[in-house]
Every structure is written in structure tokens, then in C-alpha cells.
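Before any comments, here is the structure.
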Amino acid sequence: MSDQNAAPSAAVDTAAQPAAQTVVQPAAGSAAEWTQRYTGAVMDTFGPPQRVLVRGEGAYVWDADGKRYLDLLAGIAVNALGHAHPTLTAAISAQLGTLGHVSNFFGTPTQIALAERLLELSRAPQGSRVFFTNSGTEANEAAFKMARRTGRPRILALEGSFHGRTMGALALTSKAAYREPFEPLPGGVEFLPFGDLDALEAVFAGAVDGAATSDIAAFFIEPIQGEAGVRSLPAGYLARVRELTRAHGTLLILDEVQTGMGRTGAWMAHHLPQIGGGVVPDVVTLAKGLGGGFPIGAVVAYGDRAATLLGRGQHGTTFGGNPVAAAAALATIGVIERDGLLASVRETGSYLREQVDAVGHPLIAAARGEGLLIAIELTAPVAPAVATRALEAGFIVNPVNPTAIRLAPPLILTRDQVDDFVAFLADLPTTAADLTPAEA
Ligand SMILES: Cc1ncc(COP(=O)(O)O)c(C=O)c1O
């Protein structure tokens, strides 16, 4: 008797089909050939790729020529568990093999479980809710719309901020070179000097152009500015922002896209006493490390007021909350907990900063940051040259500005791997002049 509900046999169905070309064979080209093909086919928004990477394992990746690199950037704070982590891979495969996607007319247990986990990790009070996105910029876009729903026209952000590249997030991003080619951007955003308490007091005292403080919908803040060079807010700043925003009915929106999900050794950077001072925000945005490399973002709205700003039909997404992405996030969170990675991020991060500070190299001033979000400040504007040398020596780092190297490695980084990198730093040429010609 035939069972009409039985799944078709994959073996029978595919056996007669010609093999689809679904897997790119890395062996098919040298690094130079792949780079040329990239340039011919991919839009030139990032410049030519530094390397074409073909596989990864743990904290290492390999390029098309078979050379190995210690990945100290992790896809810019994304690959929390490193590359090809077996638990993450298995969770993604299992979910994809069970239920890969449904529309948001439907829920899935995986999505619901992830929302509940995020509320727990965020220490969010009763009435809090989550909205899922695919990226950091989309999470901030949703938060921007929440701010608009307060009915207030003004929004505050900080100089040096980076909140993403879509139009709303770009309006919150301070760098002129990113903004100007796309103006007019959504209006009403004002930038305050970074960490300046007097300017903060002034804006909430209504002392700036006499503008009404009751018009300030929201204040968007990164607890540590990542793209600006891993800059932490001065102690006490965020706590004072919280007092003032609460007193004036303004939403405090923390962008933890880069700093969240264990990167700093706490689930959220604002949970660290030295950063957050115990503040409870109204909204937190997340992405990057959340899915361990699988694209997913989230907005956590704290309490009833924030959680109900967006009503039915006021926001949406096709892919946000996709069960495969949710499974990736649940697996990532599970491994961070199971393997005690928050503690090891704090320990390995301190060790890395101590070792860099002790290296005694004339071009290296000091390391800063929290957990495994670190910048190495240099004594000369040679960060691009250092990054080039690092790549040649088998280390991926990011020259986040001319005088700083950013590190955001996998949370599984070991002390031995730190030692390898510090030995490379110690061996760098000792003058800017000796460093730069190699790059030319
Ligand atoms: C603090 C912060 N917010 C938002 C974004 C944008 O995230 P995405 O690139 O996923 O859109 C980034 C990306 O670097 C970021 O660092």
C-alpha cells in the first residue's frame, strides 16, 4: 500500500539526475586566479580580497594556495566558536534537514526557544520581547523604527559611532565619508562628543539650541565603539546616560552588535561593571557572534513599553527568525555555556593584553579592550603595514585605524595561539621606516 505522506526517496529521485555543480572545488584555482575572478564578478565595494580562503578549522583558516592563518579577526567578531565547529555544523544540518524555513505567518520551536534564551541572557524583565533580523544593520533599523514610534523627533548618537550601512543605521553612524554620498538620510539624529559628560548634561538640560528634551526619542550607544578603534566609554558615562534618559522618557538603545554574545567575557558588554555600571537598557541590538558565523541578528526590547512600540504590521522580514539561523544561535550559546567560554574569554583576553603590554617593542604602545575585543595601539601610523606583515606571517588582524590593530578572535583562542602572535609582534622591524617599504 502506498503511503502518500511518505517522503520521496532522495536516492531514487537524484540518481537519474545529472550532478548539479553545488560545491566549488577549491583545488580548481590558485589564489591569483580566484582573485582575478573575484574582481571580474563581485562589486568593488570592499577592494580586492586580501586572500581567497577555502576552509577553516578551529581558530585557523587556509587560503587557496594551502597557506594557514591564525584568524585573529573571526570574520570581524563573528566566528565565536572558530571555524567548522562540529556542534554548530551538526545543529545547522539537523535543522536544515528537518525544517529549513517557514514564513513569519508561522512559528517554530527553535525560534521560540532562542527568543526565550536571549531574554534570559539579556536579564530582561517581565514583558520583554525579541524581534529577529539577519544582520546588525537590520537590528538597528528596527530599533530606529521603535524610536520613531515614540512620536518624538530627536535621536541622539555619539561621535565615532558605527551602527551599519542601511539608511536608518547610516543616519546613526557619524563618519562623514560613509554618510555624505547617500544624503538625505532619515533626519533628526544629533551627535554628541564621545564620552563628554558636560555635553550630555547640556543636551538634557535643554541648553542646546533651546530644543525640547521631551522631543528626544532615543539615545543609541555602543558600550565599546568597535569600528572607532575599540574605545570604551569613560566609567560612569553610561550610568549617567541611563539616569538622564529615564528621567526624560528617552529610550536607551545599546548597540551590542559587536560587543554582545560573549565577546567581552560577559553575555553583553554592559553587564561588565566597568562598562555598564549595572544599567538596564530599553533596547539591545545583537548580531555578529550571535549565530557563530550563520547570519542572524536580534532586537531585545526590555519591558512592556519598549516591547510594544512596534505593533502588528509595523515591521517585518522574510528571513528574520529563520529556524536554521535560530538553531545556529542556540548551538553557539550552548557551546559557550558548556565550555565555560565567558571565563576563558576574560582570562585569554587579559593574558593577551598583558603579553602585548610586556612585549617592549618601540612601535607598540599598549593594548586595550575587554575580553577578546582588543586594540593594540601603535606609536606610529603603521597599522596597515603591520597588518600586511601579519598576513604574510600567517595572522589575520585588522588595521582599524592608522595607529591601531583590532583583534576579535574566536572565543576558543588558546594561550599558545596568543604566544605565537606575540612572538610575531616582538619580531617586527623596530622602526616605521623599516616596516613600510616592505608594504610598498
Ligand atoms: C556596533 C555595530 N553595529 C552595527 C553593525 C552593522 O552590522 P552588520 O554589518 O551585520 O549589518 C556593526 C558592524 O560592524 C557594528 O560593529
Check which residues have an amide H placed less than 5 Å from residue 233's amide H, if you skip close sequence neighbours.
225
Residues with amide H under 5 Å of residue 64's amide H, sequence separation 5 or more or different chain, H placed in the peptide plane at 1.01 Å from N; which?
52, 54
What 222 nm value per residue comes from the helices of the chain, counting each DSSP H run with n ≥ 4 as -39,500 (n - 2.57) and dividing by all residues, nearest 500 deg cm²/dmol?
-10000 deg cm²/dmol
Give, in nm to one decimal, the length gained when the segment between residue 41 and residue 76 is fully stretched (0.36 nm per residue of separation minus the Cα-Cα distance).
10.3 nm
Tally Lys and Arg at +1 and Asp and Glu at -1 over the other residues with C-beta under 9 Å from the C-beta of residue 400: what net charge comes out?
0
What translational diffusion coefficient, in µm²/s and rounded to a whole number, does the Stokes-Einstein relation yield for the stretch 250-313 at 25 °C and a viscosity of 0.890 mPa s, taking the hydrodynamic radius as the Kirkwood radius over Cα pairs?
197 µm²/s
Compute the length gained on full extension between residue 415 and residue 84: take 0.36 nm times their separation in residues and subtract their Cα-Cα distance, giving the result in nm to one decimal.
117.1 nm
Charge dipole (debye, nearest 20) of the stretch 361-436; +1 at Cβ of Lys and Arg, -1 at Cβ of Asp and Glu:
200 debye
Given +1 on the Cβ of Lys and Arg, -1 on the Cβ of Asp and Glu, and no further charges, what dipole in debye does the chain carry about its Cα centre, rounded to the nearest 20?
920 debye
Whole number please: convex hull volume per residue, Cα atoms of the stretch 314-404, in Å³.
173 Å³
The chain, relative contact order in percent, only Cα pairs under 8 angstrom and at least six apart counted:
19 percent
What is the magnitude of the charge dipole of the stretch 91-338 about its Cα centre, with +1 placed on the Cβ of each Lys and Arg, -1 on the Cβ of each Asp and Glu, and no other charges, expressed in debye to the nearest 20?
560 debye
Using alpha carbons only: equivalent-ellipsoid semi-axes of the chain, gyration tensor based, whole Å
35, 32, 20
Range of Cα positions in the stretch 91-338 per principal axis (Å), largest first:
58, 37, 36
Rounded to the nearest Å, the spacing of the alpha-carbon centers of the stretch 68-146 and the stretch 270-293 is 15 Å
Sorted largest first, the Cα spans of the stretch 289-440 on the principal axes come out in Å as 61, 33, 28
Charges on Cβ only, +1 for Lys and Arg, -1 for Asp and Glu, centred on the Cα centroid of the chain; of 232, 418, 285, which one is farthest towards the dipole's positive end?
285
Relative contact order of the stretch 91-338, defined on C-alpha pairs under 8 angstrom at six or more residues apart (%):
29 percent
Could you give me the ³J(HN,Hα) list for the stretch 132-147, computed from phi with Karplus coefficients 6.51, -1.76, 1.60 and θ = phi - 60°, whole Hz, x at Gly and Pro?
9, 10, 10, 7, x, 5, 5, 5, 6, 4, 5, 5, 4, 5, 4, 4
Which order do the peptides 322-328, 223-229 take when ranked by the mean count of other beta-carbon atoms within 10 Å per residue, highest first?
322-328, 223-229
What net charge do the residues around residue 336 carry, taking every other residue with its C-beta under 12 Å from that of residue 336, with Lys and Arg at +1 and Asp and Glu at -1?
+1
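Each value in this text was obtained by applying a stated rule to the coordinates, not by laboratory testing. Predicted, not measured: the structure shown is a model, and the values here were computed from it. Don't worry about glycine lacking a Cβ; one is built from the backbone with ideal geometry, like all the others, and counts go over all protein chains shown.
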